[in-house]
Amino acid sequence: MDRKQLKELLQPFSKQCSEKGKPLTDMCLEEAFPGDSSTSYIVQVKADWIDRMSLSDAIDFLFDILWETTDEETRRKIFSIQVLDTKNTLPC
């Protein structure tokens, strides 16, 4: 599964975050092991609402939505979720 396929499979994840009142400002994928696109990816998310809650609560919310909206094969391609607040920028 390449980056483009995974990004498409994560669209329901992004949509569900919005529907639950916590939209993502931006989301991108970075290879967990740069240069090896056959491996898993780091899902980088940026959202304004992250500033208003603890990081652990934000990650809990995101993982709950991820499990609701993706199948096991898709989740295997996700190494981690990196959460950025409004003071940070995504490197992609």
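What follows is calculated from the coordinates using simple rules that are stated; it is not laboratory data. As the structure is a computational prediction, the values presented were derived from the model and not from experiment. Positions of Cβ are backbone-derived with ideal geometry, glycine not excepted, and every protein chain shown enters the neighbour counts.
For the stretch 31-86, the set of residues classified as crowded, with 16+ Cβ neighbours inside 10 Å and of a type in the set (Lys, Arg) consists of Lys46, Lys77, listed by residue number.
Scan the stretch 48-55 and give yes if some residue there is part of a helix (DSSP H, G or I), aliphatic (A, V, I, L, M) and in contact with a Phe, Trp or Tyr (Cβ under 6 Å, 6 or more places away or on another chain), otherwise no. No, there is no match, as no residue in the stretch 48-55 is part of a helix (DSSP H, G or I), aliphatic (A, V, I, L, M) and in contact with a Phe, Trp or Tyr (Cβ under 6 Å, 6 or more places away or on another chain). With respect to Phe13, determine if the residue is among the hydrophobic types (A, V, I, L, M, F, W, C), within 10 Å of the chain's Cα centre (by Cα), surrounded by fewer than 16 Cβ atoms within 10 Å (Cβ to Cβ) and part of a helix (DSSP H, G or I). In short, no. Pairs meeting the criteria (first residue in the stretch 38-61 and in contact (Cβ under 8 Å) with a residue 60 or more places away in the chain, second residue surrounded by 12 or more Cβ atoms within 10 Å (Cβ to Cβ), beta carbons under 6 Å, at least 6 apart or on different chains) are lacking.
Looking only at residues in the stretch 56-86 that are among the charged types (D, E, K, R) and not in a helix (DSSP H, G or I), the one that is nearest to Leu29 (Cα to Cα) is Lys77.
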